[in-house]
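Below you'll find the structure, written out as C-alpha cells, and then a few comments.
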Amino acid sequence: MEQLLLHLWGDYITQTDWMATKKTTRWFPAVLHGLIYTLPFLLLTQSPAALAVIGLSHILIDRFRLARFVTGAKNGGTFTGTGYPPDTPPWMAVWLLIIADNTLHLTVNYACLRWLS
C-alpha cells in the first residue's frame, strides 16, 4: 500500500501541469518530474540502486511515453499516440494508456523495492 500511495503522490499530486504537458517533448521537465517523483520513495528505501532505477525508469517511461508501445504491441502493432486503433473511443484509449503507464511504473517500483533495497 505504501508503494502505491507514494506513486500516486509522486505522479499526480507533485506533478505540475507544465511537467505533465512538456515531459514527453523536453528532457528538463521529464527529469525534474522524475527527481521529484523519486523523493517520496526515500521513506521506503535508502538504497541508491533502487532509487536510481525508480527515478531513471520513471523519466524514460514518461519521456518516451513507453506505455503506448506496450499497448500497441498487445493490439497487433498499432503504434498510434495511445497504442490503440484509431476507431477506439478517444476517452477509452487515453484512460487505458494511463492505466498501462501506471502499471509499468508500479511494476518497476515493486521490483526495485523488493530486490534492490
Please give, to one decimal in nm, the separation of the simple spin-label points placed at Trp95 and Leu8, each 7 Å out from Cα toward the Cβ. 1.7
Along the Cα→Cβ direction, 7 angstrom out, place labels at Val70 and Leu116. What is the inter-label distance in nm? 1.6
Protection proxy (average C-beta count within 10 Å per residue), highest first, orders 99-107, 36-44 as 36-44, 99-107
Fewest-first ranking of Ser117, Ser47, using other Cβ atoms within 10 Å as the exposure measure: Ser117, Ser47
Helix 27-38 versus the longest principal axis of the chain: what is the Cα-based angle in degrees, 0 to 90, to the nearest 10? 50
Longest principal axis of the chain (C-alpha) makes with the long axis of helix 48-63 (C-alpha) an angle, in degrees to the nearest 10, of 20
Take the Cα gyration tensor of the chain, multiply each eigenvalue by 5, square-root it, and list the three semi-axes largest first, rounded to whole angstrom. 26, 16, 12
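Values quoted throughout were computed directly from the atomic coordinates according to the rules given, and no laboratory measurement underlies them. Quick caveat: nothing in here was measured; it's all calculated off a predicted structure. Every residue, glycine among them, receives a Cβ derived from its backbone with ideal geometry; neighbour counts consider all protein chains shown.
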